[in-house]
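Asker: My questions will all concern the structure given below.
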Amino acid sequence: MVSVQEILSGDRLSLARLLSKIENDTSDGRATLSELFPHTGNAHLIGVTGAPGTGKSSLVNQLACYYRQPPENKTPKRVAIVAVDPSSPFSGGAVLGDRVRMRDLAGDPGVFIRSMASRGSLGGLATTTSGVVQAFDSAGFEIILIETVGAGQAEVDIARLAHTTLVVEAPGLGDEIQAIKAGILEIADILVVNKADRAGVENTERALRNMLNLSQPAKRVYRHHGTLETVPSPTAETPESESAWVPPIQKTVAIDGTGASELGDLIAQHKTHLQKTGEWERMERARLQAELENLLQITLVSRWRDALSAEMYENVFEQLIERQLSPRQAVDELLNSGPKS
Amino acid sequence: MSETERKIRVLIAKPGLDGHDRGAKVVARALRDAGMEVIYTGLRQTPEMIAEAALQEDVDVVGLSILSGAHMALAPRVVELINANGQDHVQIFLGGIIPDEDIGKLEEIGVSGIYGPGTLMDEIVGDIRKGVLGEKAK
């Protein structure tokens with residue numbers, strides 16, 4: 001059993017061991033996490049996602065440096081980094097290489113980097129990532145940077161976990177059609193165009209800006225007679241749209257740190273926006289409710305399955321194979337005559 | 001709910017100044033294919049960086065690749081730091097060009113396996129499994 005007191009007092013070895021127990025989903029890990037739960041809810045969770053090779057790890061490195069050595073008027077924050085890389089679907093093994101880009105952070109006791117393998121999960125995170133994040137939160141890390149698996153178009157779990165989601169793009173990856181597809185770009189709170197020293201960066205920026213213009217029709221103002229008179233767009237402006245967050249686009253060069261402090265400012269602005277509009281509490285509620293629903297389902301199913309006799313299951317399954325029952329009828333049959341909870 | 005099968009976690013690191021990382025990458029890949037989770041740290045790591053990474057990642061095994069000839073300076077320092085962090089259960093192995101006369105001394109200070117050119121991957125995988133599972137049984 002990992003001591004809760006040691007985690008709260010910042011013991012790094014105990015924390016590292018607890019993270020393994022959470023990853024392996026042991027009963028010990030679950031119990032400790034439950035005890036730590038009252039101490040969570042203080043960290044700002046920042047997700048970093050984007051296609052492989054866009055520079056997510058290097059950007060996380062720069063952001064962590066920014067939080068450790070902020071501009072003069074701010075105090076340094078403790079930073080935890082959770083970096084997820086894919087597991088092999090064949091061997092279950094993984095090569096976790098995100099630390100390679102984070103060597104600037106070595107030797108800093110205010111930083112803790114943990115690599116995670118996705119272990120078969122498909123949403124860009126591992127199923128236990130939220131538990132690992134909770135452990136860091138309870139251990140007093142104020143900023144938690146969560147780097148997803150190199151994501152394509154549909155790995156959007158991060159938006160549910162993080163308060164602020166950065167989607168990292170790089171020049172030369174896609175055109176305007178890619179930019180209007182549903183999926184990963186929609187979850188961005190801040191769009192980052194990394195490798196901004198490369199050719200073609202203007203095109204990438206323009207495509208993203210056009211995409212944003214299409215997705216924020218209520219914010220549009222049409223100009224009548226040139227610039228003489230502004231006319232509100234036909235879609236009615238609701239009071240809420242006044243406070244709507246329009247994802248800004250920030251250009252960065254993660255290998256030399258260009259744009260990192262501007263990005264840090266944008267992240268702070270987004271946090272202020274969330275808190276001012278009440279969105280922060282709404283997100284928190286939604287996230288905890290989703291977790292509750294998810295655990296409820298898993299627990300109910302496994303309890304019910306444990307109570308169900310193998311004989312009855314086999315019997316119904318045989319009828320299904322014989323096509324005497326449809327899959328849905330088989331479920332009804334089991335629920336009606338199986339164990340009652 | 002069944003508890004997920006425990007994964008063996010390995011840190012592969014290159015301490016010192018030589019830039020030959022092909023061997024380290026081949027071993028990382030082979031361990032991946034054997035179902036292990038391999039944390040790869042890249043080139044030019046100091047012993048302090050390696051020990052810190054081993055702690056944060058809570059690894060079972062640390063593999064060092066050294067082809068610079070500085071193994072008698074680097075390996076003992078890594079062993080010392082990892083033990084000082086309270087991770088004396090961690091298995092440490094070494095790959096690279098290691099002269100025969102140094103092997104005994106390295107084993108004495110706690111390096112559990114030394115693998116030169118021509119080592120079969122199965123041998124490394126087998127030794128790690130045996131070491132970690134033996135450690136678990138203790």
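Asker: Pulled fully out, how much extra length does the chain show between residue A:73 and residue A:202, if you take 0.36 nm times their separation in residues and subtract their Cα-Cα distance?
Answerer: Working: separation 129, 0.36 × 129 = 46.44 nm, distance 3.31 nm.
Computed gain between residue A:73 and residue A:202 is 43.1 nm.
Asker: Using a Gaussian network for chain A with springs between C-alpha atoms less than 10 Å apart, which of these wobbles most: A:131, A:55, A:93?
Answerer: Among A:131, A:55, A:93, the largest mean-square fluctuation in the Gaussian network model of chain A belongs to A:93.
Asker: What does the extension gain come out to for residue A:303 and residue A:209, with contour length at 0.36 nm per residue minus their alpha carbon separation?
Answerer: Going from the current span to full extension adds 28.8 nm.
Asker: Identify all lysines with a Cα-Cα distance to residue B:130 below 23 Å; exclude those on the same chain that are fewer than 8 residues away in sequence.
Answerer: A:21, B:7, B:25, B:105, B:138
Asker: Using only helices, what value at 222 nm comes out for the protein assembly as shown when you add -39,500 (n - 2.57) per DSSP H run of length 4 or more and divide by the total residues, to the nearest 500 deg cm²/dmol?
Answerer: Result for the protein assembly as shown: -13500 deg cm²/dmol, rounded to the nearest 500.
Asker: Considering only C-alpha atoms, what is the centroid distance from region A:39-56 to region A:240-293, in Å?
Answerer: Region A:39-56 and region A:240-293 have Cα centres separated by 11 Å.
Asker: I would also like to ask the following. Taking the simple approach of a point 7 Å from Cα along Cα-to-Cβ for both residue A:323 and residue B:48, what is their distance in nm?
Answerer: 7.2
Asker: Then there's this: What is the extension gain from residue A:3 to residue A:42, computed as 0.36 nm multiplied by their sequence separation minus the C-alpha to C-alpha distance, in nm to one decimal?
Answerer: Stretched out fully, the residue A:3 to residue A:42 stretch lengthens by 12.0 nm.
Asker: For the peptides A:77-85, B:72-80, B:125-133, what is the packing order when you average, over each peptide's residues, the other Cβ atoms within 10 Å and list the highest mean first? Don't skip to the answer; put the middle values down first.
Answerer: On the way: A:77-85: 24.9, B:72-80: 18.9, B:125-133: 16.4.
The packing order, highest mean first, is A:77-85, B:72-80, B:125-133.
Asker: For residue A:251, what residues show an amide H to amide H distance below 5 Å, using hydrogens built from the backbone and excluding near sequence neighbours?
Answerer: A:193
Asker: At a threshold of 8 angstrom on Cα-Cα distance, excluding pairs fewer than six apart, so keeping six or more, what relative contact order does chain B reach in percent? Write down the numbers at each step before the final one.
Answerer: Working: 209 pairs, mean separation 33.5, N = 138.
Across chain B, relative contact order equals 24 percent.
Asker: Across peptide B:6-12, what mean number of C-beta atoms from other chains lies inside 10 Å of a residue's C-beta?
Answerer: Per residue, the average neighbour count from other chains is 4.
Asker: How far apart, in nm, are the 7 Å Cα→Cβ label points at residue B:108 and residue A:91?
Answerer: Computed distance between label sites residue B:108 and residue A:91 equals 3.6 nm.
Asker: Taking the protein assembly as shown on its own, what percent of its Cα-Cα pair distances exceed 29 Å?
Answerer: Value for the protein assembly as shown: 57 percent of Cα pairs lie more than 29 Å apart.
Asker: Which residues does the label zone of residue B:17 cover in region B:55-83, counting backbone N under 12 Å from a point 7 Å along Cα→Cβ?
Answerer: In region B:55-83, the label zone of residue B:17 (backbone N under 12 Å from the point 7 Å along Cα→Cβ) covers B:68-70.
Asker: How big is the antiparallel share of DSSP beta bridges in chain A, given as a percent to the nearest 5?
Answerer: Roughly 15 percent of the beta bridges in chain A run antiparallel, per DSSP.
Asker: In nm, to one decimal, how far is the residue B:83 label point from the residue A:331 one, both placed 7 Å along Cα→Cβ?
Answerer: Placing both labels 7 Å along Cα→Cβ, they lie 5.9 nm apart.
Asker: Taking Cα atoms, how many degrees apart are the long axis of helix A:310-321 and the longest axis of chain A, rounded to 10 and kept between 0 and 90?
Answerer: It is inclined by approximately 70 degrees.
Asker: Here is a further query. Taking beta carbons within 10 Å but only from partner chains, what does the mean come to for residues A:98-108?
Answerer: On the way: counts 2, 11, 6, 1, 3, 8, 0, 2, 8, 4, 1.
Partner-chain Cβ atoms within 10 Å, mean over residues of A:98-108: 4.
Asker: Another question, if that's okay. Explain nothing, just the number: relative contact order of chain A, from Cα pairs under 8 Å at least 6 residues apart, as a whole percent.
Answerer: 16
Just so you know, all these numbers are worked out from the coordinates, no wet-lab data involved. Model, not experiment: these values are computed from the prediction. Here the Cβ is made from the backbone with ideal geometry for all residues, glycine too, and neighbour counts use every protein chain on show.
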